[in-house]
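Visitor: My structure is below; once you've seen it, I'll send some questions.
The values are calculated or read from the model by the stated rules, or taken from the named source; none is laboratory data. Keep in mind the model is a prediction, meaning the values are calculated, not measured. Virtual Cβ from ideal backbone geometry, glycine too; neighbours counted across all protein chains shown.
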Amino acid sequence: MRKPGEIVVGLCFLVIGICFTAGAVKLQIGVPTEPQPGFFPFVDGVILIALSSLFLFRAWGGRAGDSHAFGRIKGPAAVVLALVLYVATLERLGYVITTGLLSAVVLKVMETRPRVLVLVSLSLTVISYLVFDRLLGVTLPPGILTAFL
Amino acid sequence: MTVALLAVFTFTMDPLWSIILLSAVQLGGTYGGSISATVLNIPGTPASAPTAIEGYQLTKKGEAEVALGINVFTSFMGNNMGLVLLLLTMPLFVKLSMMFGPWEMFWFGTFGVFIAANLSEGDTLMGMIAATVGLIISCIGIDPIDGSPRFTFGSTYLSAGIPLIPAMIGLFGFTEVFDGLTDIKVNNFPLKKTSLLGAARLWWKYRWLSVRVSILGYIIGVAPGIGASVSSWVGYDHARTTSKEPEKFGHGSIEGLIGSETCNMANVPGAYAPVLSLGVPGDAPTAIMLGILMLHGIRPGPMFMVTNPEWLYQIVVALFISGILFVIIGTYAGKGLVRLFVSTPRTAMSAIVAVLCALGSYATNINLMDVYTAFFFGVLGVVMKGLGMPVSPMVLGLILGADLLDVEFRRALLAGKGSIAPFFTRGVSIALIVFIAAVLFFQHVYPKIKPGRKKDRKVILE
């Protein structure tokens with residue numbers, strides 16, 4: 001049986017392979033006896049095109065490999081969004097605030113009770129800040145709490 | 001990184017003591033990476049990636065203490081066997097490492113690609129695609145030979161290449177977080193208690209595997225520029241291909257842990273052979289140590305070991321004592337950590353792992369972009385998992401790509417004035433080709449044609 005999902009994935013790899021090969025050609029491939037910066041990426045790109053073609057052929061013929069069903073999507077999507085916001089605001093708001101919020105989002109997605117959510121987020125933020133910033137000397141962005149930290 | 005950070009403090013120290021301090025730190029760091037790999041599925045170092053595959057599965061089964069016991073004991077034994085080999089074979093391997101050129105390094109890299117294909121968990125095509133994507137990603141950055149940017153799209157961040165630690169944190173750690181979020185009805189991991197003696201008994205059961213991978217790890221350590229991150233995969237692959245229970249790999253295999261941990265620890269003493277006798281560093285930490293020695297006006301080389309033989313013995317003793325110390329610290333601190341993490345509710349663990357992943361990737365270079373990198377690889381890891389595509393070949397592709405295969409191939413051609421003949425005519429190259437061919441034969445051809453196979457099949461059919 002054909003698997004449309006795997007055909008899409010195979011096509012994605014094929015497109016990546018073609019784009020990469022084209023990019024490698026732009027970088028100049030050279031000749032095998034005098035390779036230029038594009039040589040190794042070109043070889044990789046060609047191999048990916050060949051392998052993804054084989055993959056597509058296999059998926060088309062219905063002999064696709066094992067794939068696992070994705071579970072809930074809503075929770076991970078919320079965490080992905082929280083992580084994007086985390087990185088975007090880390091320097092401005094500071095480590096303490098953003099990390100507290102990130103762990104709160106993860107705990108909320110995991111359906112944790114509000115009291116536990118606050119307790120874990122707070123302790124995780126404070127402990128990780130103390131260990132990394134104060135003990136190990138990793139400078140974490142203080143953000144808007146500069147005056148207090 | 002710790003070796004680099006501590007190097008600053010050694011400027012005013014006696015040169016020998018500074019090397020002893022840094023070697024102990026290197027050893028502790030190499031072992032320490034296995035703790036987070038086992039408990040959190042976040043490899044602390046690139047060398048502990050295979051440990052994460054098996055160790056974390058054992059943690060899930062409630063055997064975290066067994067895994068940590070095996071890690072600490074096999075690491076100790078791997079280090080000791082590496083030290084014995086260093087004392088016994090240093091003159092021989094020094095001669096051998098002098099014969100290693102870019103041609104041989106290229107063959108080493110090629111061997112790594114075959115290992116990547118072996119790590120495919122049943123679907124070789126998927127594994128090969130993952131490895132190729134890893135090789136492709138490794139090409140991003142400044143070309144190591146002529147300095148021109150490759151696939152950087154004008155980004156300063158990408159010019160430095162894709163950093164390995166954030167990429168691995170993403171592929172292993174973030175993937176675990178996302179995976180946990182898709183199924184929130186999970187219970188805490190159970191915990192079966194075990195002692196170091198129990199781990200030692202398990203190690204004894206697989207002692208010959210341990211000896212074999214120690215020799216492999218030591219040889220890879222001697223070869224300049226390959227390092228522990230490759231050797232752990234070589235050890236893991238050797239354990240997998242020689243195992244009588246290959247079906248356990250990827251599901252918490254003790255042999256896989258022994259293969260990975262012993263090989264990367266035996267690699268550490270091996271890396272001292274070329275640095276002390278030739279002044280050629282075997283890996284990044286020994287390169288820093290070489291720099292420290294040169295700052296003190298000491299230039300290791302062939303005459304150095306003749307005039308200062310005590311250095312070798314003192315470093316060996318220091319590494320041995322460091323080994324004893326990490327057994328003590330690893331056993332007690334490791335147990336404490338395991339009990340703490342296992343008793344923590346799984347919901348809170350997801351938040352802890354998410355924060356540690358973000359923090360770990362940021363702390364590597366104090367760069368926010370590294371968090372994005374980890375996050376990108378996390379999403380990629382989830383997609384790959386959804387497709388049934390293994391992540392291990394991709395990690396190996398990232399390690400082997402631009403820094404080994406590309407650079408050494410082009411260096412070899414430059415050194416050979418455009419001729420590819422030395423790849424096939426140099427003595428060590430021929431030996432490596434024969435070795436690779438033999439490994440491939442015994443892994444893929446021999447099991448299909450070996451006598452008794454037909455008989456086995458007949459018995460199964462009956």
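Visitor: Only one of (1) within 30 Å of B:Pro393 (Cα to Cα); (2) among the aliphatic types (A, V, I, L, M); (3) modelled with pLDDT under 90 is not met by A:Val46, so which one is it?
Guide: (3)
Visitor: Hey, any hits in the stretch B:76-84 for a residue that's in contact with a Phe, Trp or Tyr (Cβ under 7 Å, 6 or more places away or on another chain) and not in a helix (DSSP H, G or I)?
Guide: no
Visitor: Would you check if there is a residue in the stretch A:99-113 being more than 22 Å from the chain's Cα centre (by Cα), modelled with pLDDT of 85 or more and facing chain B (nearest Cβ under 7 Å)?
Guide: Going residue by residue through the stretch A:99-113, those that are more than 22 Å from the chain's Cα centre (by Cα) are A:111-113.
With the extra rule that they be modelled with pLDDT of 85 or more, the set shrinks to none.
The answer is no; no qualifying residue exists.
Yes/no per residue for (1) touching a strand residue (DSSP E or B) at 6+ places or on another chain (Cβ under 7 Å); (2) crowded, with 19+ Cβ neighbours inside 10 Å; (3) closer than 27 Å to B:Phe114 by Cβ; (4) more than 9 Å from chain A (Cβ to nearest Cβ):
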| residue | (1), (2), (3), (4) |
| --- | --- |
| B:Ile352 | no, yes, no, no |
| B:Leu356 | no, yes, no, no |
| B:Glu408 | no, yes, yes, yes |
| B:Pro422 | no, no, yes, yes |
| B:Val428 | no, no, yes, yes |
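Visitor: Within the stretch B:229-309, considering only helices (runs of 4 or more DSSP H) that don't extend past its boundaries, which have at least 3 residues that are modelled with pLDDT of 80 or more and not hydrophobic (A, V, I, L, M, F, W, C)?
Guide: B:254-270
Visitor: Would a scan of the stretch A:86-97 turn up a residue that is modelled with pLDDT under 85 and more than 9 Å from every other protein chain (Cβ to nearest Cβ)?
Guide: no
Visitor: Also: Kindly list, by first and then second residue, each pair from a residue in the stretch B:122-143 that is at the interface with another protein chain (Cβ under 7 Å from one of its Cβ atoms) to a residue that is surrounded by fewer than 20 Cβ atoms within 10 Å (Cβ to Cβ) and basic (Lys, Arg), limited to pairs with Cβ atoms under 8 Å and residues at least 6 apart or on different chains.
Guide: These pairs meet every condition: B:Leu125/A:Arg58.
Visitor: Sticking with this structure for a sec: Give the stretch B:245-273 a look and list any residue that's of a type in the set (Asp, Glu), in contact with a helix residue (DSSP H, G or I) (Cβ under 9 Å, 6 or more places away or on another chain) and surrounded by fewer than 24 Cβ atoms within 10 Å (Cβ to Cβ), or say none.
Guide: Scanning the stretch B:245-273 gives a single hit, B:Glu245.
Visitor: Just for the stretch A:1-31: of the residues that are farther than 23 Å from B:Phe409 by Cα and over 27 Å from the mean Cα position of the chain (by Cα), which one is surrounded by the most Cβ atoms within 10 Å (Cβ to Cβ)?
Guide: A:Arg2
Visitor: For the stretch B:367-379, state whether one or more residues are more than 7 Å from chain A (Cβ to nearest Cβ) and closer than 30 Å to A:Arg113 by Cβ.
Guide: The initial filter retains those residues of the stretch B:367-379 that are more than 7 Å from chain A (Cβ to nearest Cβ), namely B:367, B:369-370, B:373-374, B:376-378.
In the following step, the residues that additionally are closer than 30 Å to A:Arg113 by Cβ were identified as B:374, B:378.
Yes; the residues of the stretch B:367-379 include at least one that is more than 7 Å from chain A (Cβ to nearest Cβ) and closer than 30 Å to A:Arg113 by Cβ.
Visitor: Looking at (1) within 30 Å of A:Leu11 (Cβ to Cβ); (2) assigned to a helix (DSSP H, G or I); (3) without any contact (Cβ under 8 Å) to a residue 40 or more places away in the chain, can you tell me which one B:Gly154 breaks?
Guide: Failing condition for B:Gly154: (2).
Visitor: Kindly indicate whether A:Gly137 is surrounded by fewer than 13 Cβ atoms within 10 Å (Cβ to Cβ), more than 16 Å from B:Tyr372 (Cα to Cα) and either more than 7 Å from every other protein chain (Cβ to nearest Cβ) or modelled with pLDDT under 85 (or both).
Guide: Judged against the criteria, A:Gly137 is a match.
Visitor: Identify the residue in the stretch A:32-57 that is of a type in the set (S, T, N, Q) and facing another protein chain (nearest Cβ under 7 Å) and, among all such residues, is surrounded by the most Cβ atoms within 10 Å (Cβ to Cβ).
Guide: A:Ser52
Visitor: Follow-up question, since we're still on this one. Take residues that are aliphatic (A, V, I, L, M) and within 26 Å of the chain's Cα centre (by Cα) and tell me which of the helices (runs of 4 or more DSSP H) falling wholly in the stretch B:333-431 contain 2 or more.
Guide: Those helices (runs of 4 or more DSSP H) span B:346-365, B:368-387, B:392-400, B:407-415.
Visitor: How many residues does the stretch A:129-149 contain that are in a loop (DSSP other than H, G, I, E, B) and among the hydroxyl-bearing types (Ser, Thr, Tyr)?
Guide: 2
Visitor: List pairs: first in the stretch B:305-332 and of a type in the set (S, T, N, Q), second part of a helix (DSSP H, G or I), Cβ under 6 Å, 6+ apart or cross-chain?
Guide: Pairs found: B:Ser322/B:Ala24; B:Ser322/B:Leu27; B:Thr331/B:Val72; B:Thr331/B:Leu196.
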